[in-house]
1. Using modelled amide H (1.01 Å from N, peptide plane; none on Pro or chain starts), what sits under 5 Å from the amide H of CYS134, excluding residues fewer than 5 places away?
2. If you count only protein heavy atoms and use a 1.4 Å probe, how large is the accessible surface of HIS217, to the nearest 10 Å²?
3. Based on Cβ point charges of +1 for Lys and Arg and -1 for Asp and Glu, what charge dipole magnitude is obtained for the chain about its Cα centre, in debye rounded to the nearest 20?
4. When every alpha-carbon pair in segment 91-168 is counted, what percent end up more than 16 Å apart?
5. Tell me whether segment 367-424 comes out rounded, prolate or oblate; compute the Cα gyration tensor, take square roots of the eigenvalues as a ≥ b ≥ c, and use a/c under 1.5 as the rounded threshold.
6. Mind putting together the pair-distance distribution for segment 330-372? All Cα pairs, 10 Å bins, whole percent per bin, short to long.
7. Helix by helix through the chain, keep the DSSP H runs that span 24 Å or more along the axis on Cα and average at least 0.5 on Kyte-Doolittle, and give those back in order.
8. Starting from segment 66-150, pick out the GluC sites (Glu not before Pro) whose DSSP state is loop and whose Cβ has at most 10 other Cβ atoms within 10 Å.
Amino acid sequence: MAATRILLQAGSSMHILSQTIINECEHRTIHGIGVPELLLIENAGSAASQRIFSLLEDASLLEGATIAIICGPGSNGGDGYATARHLKLLGLPVHVFPYREPKNSDVKKHQEMARNSGCAFLELDEFFPGNYTCIVDALFGIGLNRHLDSGLVRLVETINEGNLIVSLDVPTGVECDTGQALGAAVEADWTIAMQALKPAHVLFPGCALSGTIVVEHIGVQLEPIPKNTPILVSEDSFLPPPRSPYGHKGTFGHVLCVGGSFGMGGAIRLSAKAALRTGAGKVSILGPSCLSQSISTAEPEIMLAHVSEKPKNYLSTNCLKTVSEHPASVLILGPGAGLELETKILYQEILSSSDKLIVMDADALNLFSGNMDELINLCSHCQEIPVLTPHRKEFARILDKPVEMIEAQLFSLGSEFATKANCVLVLKGFSTLVAMPDGETFLFVKPNSALSKGGMGDILTGMIASLIAQGFTPQMAALQAVQIQILAGALLAEEMGEHTPTPLDLIQILPRVFHSE
């Protein structure tokens, strides 16, 4: 399965608009500004037809091409009828298959114009996907929020037998605001999003069912967009922290990594190495004594903080004095720490009393599984804004909710948690959500299975801590570190494929990402 691609036109909004917001924008455009819905449908058909024509041309499929367009009863169907007419004007044979009669006069008018332009209208029982070069799905768009009945399931399954499938706005069977499949869904090769991206285009499985997504302008007035509407981050560059040529190791910050346990020493080392590689002046590890020799031998550039001999295999409150007196300005909590109660108490005490900036990952979060309120309370009382970096499953455990619900309600759950906890939440997955304490949310959608290995998250944690130590705010550090990892992952996939890269490969390729800036 190909990874989701999103193509944005110049001037496209970076906001991801829910069904409610886009409906409000359309209502304001039609009833406030006075733009007729008939014209919006016309614009959608014109833009979609030009895009489809270009797709066929680029794929050398224009010669002998025949197009099938399945039109629903609502505005999405109207877009389909307008697309049919414009494709006919471009010289392509078009067969239109209505699914139920139009709901309003504007859709009805476009149906009539398509019929009068010479498009062939056929019954659905005459639809055989193998007869068509391209099938256009214009059944429901954003308007579907119920499971498909058996008849629609069969129709969707038939559409999916096609060679090239283009959906208008949202593939039929995908719920607009959650990206969830409603029993069955069209598996589009391309999706033409009207005016703006919707959650279905970026949430799984909707994003996978949408294929390549392109946003087309159709004349809907989007401004003003409500505050804290999710934003897609599409840049292919990042902002490195300033680097004075007159600086020294003390200038660029000190990170203390508090984690590790018997048999789990690798994670905290990866975080530390990533912090150093990303530019921190000094990095130390505070781990149980069982790890001291291996760390000092394998990582000579990483310093060891003093730790008591007992307990030997995990961290306990015996470390609290060392943490509080350590000169580091940024703490990493969690990688490889294990789930001992004494370790949890240590982290509770650090969160309650430390004046250092804190980045939490892995077991520092797993220790609060099912205890969301406790974690929120501790974070909200931190002296500085903490950064939490769970993946979807860790976040699901904290909230005690199914992973599927986390994905379907990614924006609302992430934003609500970050606001309540007064934290920066970096919610990792095939896409990464960064939610801010003020409710803002930013989404990175660059799927890359080269990063799908244990230890990659520990590296991201180290990079975030490093950027904070060098002077970035927690908010900026989270955004820039995610972008650095995406760029590094892309280089790895290009050079090594997506199967073979390891976390150490990611660390080793970071200089090339920084050098490119």
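The values are calculated or read from the model by the stated rules, or taken from the named source; none is laboratory data. Predicted, not measured: the structure shown is a model, and the values here were computed from it. Methodologically, a virtual Cβ is constructed for each residue, glycine included, from the backbone with ideal geometry; neighbour enumeration extends over all protein chains shown. Heavy atoms of the whole protein, side chains included, go into the accessibility calculation; ligands, DNA and RNA do not. Shrake-Rupley method; radii C 1.70, N 1.55, O 1.52, S 1.80 Å.
1. Result for CYS134 returns THR66, ALA68.
2. Surface accessible to solvent at HIS217 totals approximately 80 Å².
3. Once rounded to the nearest 20, the dipole reads 1060 debye.
4. Values: 1692 of 3003 pairs.
In whole percent, the long-distance tail amounts to 56.
5. Numbers: a/c = 2.15, a/b = 1.56, b/c = 1.38.
Taking the square roots of the gyration eigenvalues as a ≥ b ≥ c, segment 367-424 is prolate.
6. Binned Cα distances yield the sequence 30, 61, 9.
7. TM-like helix candidates: 474-496.
8. Numbers: sites: GLU112, GLU123, GLU126; in loops: GLU123.
Of the GluC sites (Glu not before Pro), the ones in loops of segment 66-150 whose Cβ has at most 10 other Cβ atoms within 10 Å are GLU123.
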